[in-house]
Amino acid sequence: MEVILIQDVDNLGGSNELVKVRNGYARNYLIPQGFAVEASPSNRKQLEERLKQAKKKEEKMLAEINSVVSKLQESPLKIGAKTGTSGKIFGSVTPLQISRAIKDQKGYTIDRRKISINDEVKELGTYKAAIDFGNGQSAEVEFEVVAE
């Protein structure tokens with residue numbers, strides 16, 4: 001029997017997926033629990049429509065991510081830090097500081113947990129950070145640490 005999964009089922013498949021299972025498993029467990037619906041012609045059309053909508057939504061999201069990435073890579077961010085006389089900064093630059101700088105200078109809100117700094121930042125200079133947008137999309141952002 002073919003069923004369309006409504007939500008993810010362990011060891012079977014993800015949501016909006018057409019799978020073939022035994023009749024008893026579908027009738028006694030998947031369908032009554034609300035995990036799946038029978039793969040009738042009308043349900044198959046609904047599945048196709050949901051997949052089309054998801055694809056459009058993903059394309060729109062990718063276009064938005066690309067525009068954000070291009071804005072972020074236009075010019076390096078400037079992050080102020082307190083420094084000693086030798087050019088070393090007190091403490092280090094964190095993803096939270098980078099996130100705040102992006103919000104203040106570029107106008108985009110990016111979660112600090114999505115930002116990872118490639119090198120340890122302990123001195124003034126130019127460095128790079130990676131931002132993970134999910135869905136395999138990531139970008140490198142250049143930032144400059146300047147003395148306050």
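Laboratory data are not the source of any read-out in this text; all were calculated from the coordinates shown. Model, not experiment: these values are computed from the prediction. No Cβ is skipped: glycine too gets one built from the backbone with ideal geometry, and neighbour counts run over all protein chains shown.
Quick one: count up the residues across the stretch 128-148 that are in contact with a Gly (Cβ under 9 Å, 6 or more places away or on another chain) and assigned to a strand (DSSP E or B).
Of the residues in that region, 4 qualify.
Take the stretch 89-122 and flag every residue that is charged (D, E, K, R), outside any helix (DSSP H, G or I) and closer than 16 Å to PRO76 by Cβ.
LYS106, ASP119
Residues being of a type in the set (Gly, Ala, Ser), farther than 16 Å from ASP8 by Cβ and touching a Leu at 6+ places or on another chain (Cβ under 9 Å): count how many of those fall in the stretch 21-67.
1
In the list ALA54, ALA63, which residue meets the criterion of being over 30 Å from VAL3 (Cα atoms), aliphatic (A, V, I, L, M) and not in a loop (DSSP other than H, G, I, E, B)?
ALA63
Since PHE133 meets every condition but one in (1) over 21 Å from the mean Cα position of the chain (by Cα); (2) crowded, with 16+ Cβ neighbours inside 10 Å, which condition does it not meet?
(1)
Quick check: is even one residue across the stretch 85-106 surrounded by fewer than 11 Cβ atoms within 10 Å (Cβ to Cβ) and within 30 Å of ASN16 (Cβ to Cβ)?
There is no residue in the stretch 85-106 that is surrounded by fewer than 11 Cβ atoms within 10 Å (Cβ to Cβ) and within 30 Å of ASN16 (Cβ to Cβ).
On the basis of being among the polar types (S, T, N, Q) and surrounded by 14 or more Cβ atoms within 10 Å (Cβ to Cβ), does ASN28 make the cut?
no
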